[in-house]
Each structure stands twice: as structure tokens, then as C-alpha cells.
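Written below as C-alpha cells is the structure these notes are about.
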Amino acid sequence: MAETVKIFDTTLRDGEQAPGCSMNIDEKLKVAKALESLNVDVIEAGFAAASPGDFESVSAIADSIKNSTVCSLARCNISDIDKAWNALKHAKKSRIHVFVATSEIHRKFKLQMAKEEIIAKAVEGVSYARSLCDEIEFSPEDASRTELDFLSEVVLAAINAGATIINVPDTVGYTTPQEFYQVFSHLRTTIKDHPEVTLSVHCHDDLGMAVANSLSAVSAGARQVECTINGIGERAGNCSLEEVVMALETRYNHYGIKTNVTTNKLYPTSRLVSNITGMYPPRNKAIVGENAFAHEAGIHQHGMLQNSATYEIMKPEDVGLSKSNLVLGKHSGRHAFNQRVIELGFNVDEAKLESAFQEFKIIADKKKEISDGDIEAIILSSDKATDGPWSLLDLEVKTKKGTPASANVTLMHHENGELSASCDGDGPVEATFKCLSTLSKIELKLIKFDIKSVSKGDDAQGEVIITVSYDGKNYRGHGVSTDIVESSALAYIDVINMLSFKSDSKNIGLEIPQNII
């Protein structure tokens, strides 16, 4: 049987720390279930001590996930560890992940602690965590800039205190593959009397080497890789899950190591995370970028026609991209639509599938052909975390060069019925937003406005993602339509529906401690 490396996904913790990537509980649960379907070994659900909202989300994920281990981060102090355990204690499989900084610069300027105090802190945290939970991971923060001898000393102390996984983070993305190989080779020798302990690697991408450094660590003995979907995370991001998984899969002849990941779920999971966070991979992103399997150069296309292996080292289907030639349009039936949804890797229940099919028929009346991108957008938008009391009934805009734009908007409210307003603005989107604010009595401050085409052609659907501020917190809204102004209105309504359910959105815009592994 092939040796395996565990995949530890920290999209919901380290990934969510990236500016603009915070998620509410429903969104986190959706991502967690997708990660479980992807068959990752460990889901780091959050930092339970960071806020009441983060505690609630870790607890909800712990209650919902059955196959993957659910993990919470905690500093090496009793209060953090208690919160982590109280959030995790109902999980089928749980892990507490404790950390303390060890590098000289962190000891001197952040912690103002001597080496002996750091070791004592690590031992105290690991020992207490182990008294609550059988699976304990310890991270010496900024390990890649820590003196090797001291790193070994801290690691051994943590193991003797009960740590079962030792994670070695390149917290600031400073190391190189050759350096990290030496670090892991040294640590493997250090812990040779503890074969039960797993070495783990956690890399950031500040110098663009997170995946290379992680693979180098695997070559040197690491048997857990910590990573995020699409490589999201603080600053330049984390090691990309899809890249490291497919590198091990594609180059098995070199590494000789497999993962447990269901690779044909990679692309749908990437799209889900992109849709929720509003942070889309660049077109040339490896594995999941729009150009990853595109070939335009004539010589490449000729080679592809003869044998796809000439220019493709992976099959698109291996990561969840459909290669079906089935064309969908307004005459396509439910069976053909359902089949394409399955081919694209989505798991949708009957009720949501029926809702998505009805939306498909509406869009099919507007377009000649429906692309995979259109179907992805339909599925993702039909599975919103918040339906809410507001819906768009009618929208009419008028624009003329040199004069203000005007908008007439009619909304349906589940209690108050139809409500209409007319407003002027510098453009049709501003006029529409003014109407929505007037009708809902919720005034949002627009921070960011993004438009993305979800398919090709003049009749392509456009996805609008807005980031807005309300009452000191930031919120994200999504809208998809073949009409950009309508997409904008739907994105705004997405937010006002969210705000109509305060209990569902109270964990958005979290204050999360910085300088975490």
C-alpha cells in the first residue's frame, strides 16, 4: 500500500484571516462540508478563542463533520485551550492545535521572554491540552527563523508533554526548499525515538515558494501538509491545497506518496470558496485557473489533437473539470441538467436541484447555449446562506450621456408586500442602490465593487461581488445575471437579507489576532 501524507486544511482559519475573506457561520459550514466531501484529513475550523462568533462556528462545524478530524487553534494558555476544547468536545474526531513563538525576533520583540520561559509555556500548553484531548498538535511559530538547536529542544519538550503532531511553520514565507529540507531532516533525527509523532509543514507564500517548501518538507519526512483552498491566507497566502495534492498525484513516480483527497472535487471546491470569499484565482493559477487547461498556441493545439499528453500532464477530469460535449439550451430537460451538475462535481439535494433547474430554464430563455460556468453560477447562487425577506420583482433603469441616471425598483417583502421607489444617481448602479436603500431602510457604504464574467460570449452572465460597510462591520454580497445592473441589485439585496437575520451574521467582520503561525 502506498504511503500517504495527511492534508490539513486551514482555509477556515488561516485562509479566513486574509483581508476580505471572513465568512459567516453558514458559509463556514458550507465550506467545511465541501472539505469533508473532498476527503481532507483535518479541517482547522477556526480559532475558538478569537471571538464568540469564531467559537460558535468551530462548535457548529465540530457537530456537523463526521469523517474529517476537526481542529481548533489555541495559544499556549489555559483560557484559549478551554475555549478550543469546549468548541470541539462534541466532534467525532477532534484535535487541539497549540502554538507559541520561538524565533529570536519574536522572543525579543513580541513576547519578551527567554528561551526557558518559551519552553515552559509550550510544556504547560501541551500538557493541559493533552489532559482534555488525545490528539494534540504543537507549532513553534516562526520555526523557519528559529535556531535549529533551540527548535529541537522545544520540539522534544512538547513531545514529552504529550504532543502527537509537531508542525513546523514558515510563518513569514522566508525559507527556501533546500533550507527547509535540512530543517526537517534535522528534526526527523531529533525525534527518531518517537515514531508515533507526525511531522507537519505549514508554509506561507511571501516569496512564492510555499508549495515548493512544503514538498521539500515531505521529501524530508513530513507526513502532514497544512494548506488552503486556492492558497488564500494572510499576506501572499498559504500553500495551495490543490497544487500540493496534484503535485504528489502527478509526480508519484518521484515522491512515492499519495494523499486521501478526492481530486475530482478540487475544482468545485475551489469555485465554492471563490464564490463565498469573493477572491477568485488568477487566470494562470495552477490547477484551478481558467487557463490551466487552455491551449491557444497553434503548435500546442496540433500536439493536443494528436495526443493530449503532449501538453497536458494532468487530465482536466482529474481535478473536476467536465470535458463533456453535451450542449445545454432552453430545450434541455431535467435529466441532462442533473447529469451536467454531477459531472461538475456538485452534491446538491433534490430541493435545491429543482430550484437550480428552474433558474436554468429562465437563463436558457435569454441565452443560446449554457456553459459550465453558467451552471456553476446557478448552483452556487441557488445555495445562498441567506434567502431573507427581500426579493427583486422589477428593475428599470434609464441612462443618457450628460444627465443623471434613473432607476425604478420594485421589491417584494415577505410581510409588507410590494414596495417601489424611484431614484437618480451618477450611474444606473448608484441609482439602483439608492432605491434599495430607501426601500429597505438599510444604508450601506460601498467599499469594493467587482464584476466577473462567469462564461464567454456577448450573452455571458456577469457576477457582481460587493463589499460594503454597515454599523462598523464589513459584509459581502453576490449577484449573478446576464444584466450587470440586475446583478448589482441582487448583490445589494444579498447583504440586506443577511442583515435582516442578525443572529446569522453576528460573526462577520471578526477581529482575529495577528501573527498566528
Query - Subset of region 91-115 that is part of a strand (DSSP E or B) and not small (Gly, Ala, Ser) - its residue that is farthest from GLU44 (Cα to Cα) - result: VAL100
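Does VAL480 qualify as being buried (at least 21 other Cβ atoms within 10 Å of the Cβ) and modelled with pLDDT under 90?
Details: buried (at least 21 other Cβ atoms within 10 Å of the Cβ): yes; modelled with pLDDT under 90: yes.
Yes.
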Requested in this report: Answer yes if at least one residue in region 23-38 is at pLDDT 95 or above, part of a loop (DSSP other than H, G, I, E, B) and not hydroxyl-bearing (Ser, Thr, Tyr), and no otherwise.
Outcome: no
Query raised in the report: In this structure, is HIS90 over 24 Å from PHE150 (Cα atoms) and over 19 Å from the mean Cα position of the chain (by Cα)?
Result: yes
Query - Residue within region 243-254 that is of a type outside the set (Phe, Trp, Tyr) and at pLDDT below 95 present - result: no
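Table: residues versus (1) hydroxyl-bearing (Ser, Thr, Tyr); (2) under 25 Å from LYS473 (Cα atoms).
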site: TRP390; (1), (2): no, yes
site: VAL397; (1), (2): no, no
site: LEU419; (1), (2): no, no
site: CYS423; (1), (2): no, no
site: ASP426; (1), (2): no, no
site: THR432; (1), (2): yes, yes
site: THR438; (1), (2): yes, yes
Query raised in the report: Out of (1) touching a Phe, Trp or Tyr at 6+ places or on another chain (Cβ under 8 Å); (2) acidic (Asp, Glu); (3) not in a loop (DSSP other than H, G, I, E, B), what's the single condition that is false for ASP206?
Result: (3)
Report summary line: The correct count of residues that are aromatic (Phe, Trp, Tyr), part of a helix (DSSP H, G or I) and within 26 Å of the chain's Cα centre (by Cα) in region 125-179 is 0
Query - Residue match in region 104-113 (condition: closer than 20 Å to ILE159 by Cα and surrounded by fewer than 22 Cβ atoms within 10 Å (Cβ to Cβ)) - result: no
Report task. Name the single residue, out of those in region 65-99 being surrounded by fewer than 19 Cβ atoms within 10 Å (Cβ to Cβ) and among the charged types (D, E, K, R), that is nearest to SER139 (Cα to Cα). Result -> ASP82
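In region 1-21, how many residues are outside any strand (DSSP E or B) and within 14 Å of the chain's Cα centre (by Cα)?
Looking only at that region, the number is 12.
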Query raised in the report: Somewhere in region 414-429, is a residue in contact with an Asp or Glu (Cβ under 8 Å, 6 or more places away or on another chain) and aliphatic (A, V, I, L, M)?
Result: no
Query - Criterion violated by LYS502 - all others in (1) surrounded by fewer than 17 Cβ atoms within 10 Å (Cβ to Cβ); (2) modelled with pLDDT of 90 or more; (3) more than 20 Å from the chain's Cα centre (by Cα) satisfied - result: (2)
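The values are calculated or read from the model by the stated rules, or taken from the named source; none is laboratory data. It should be emphasised that the depicted structure is a prediction, and the values quoted were computed from it without experimental measurement. All Cβ positions, even for glycine, are placed from backbone atoms using ideal geometry, and neighbour counts span all protein chains on display.
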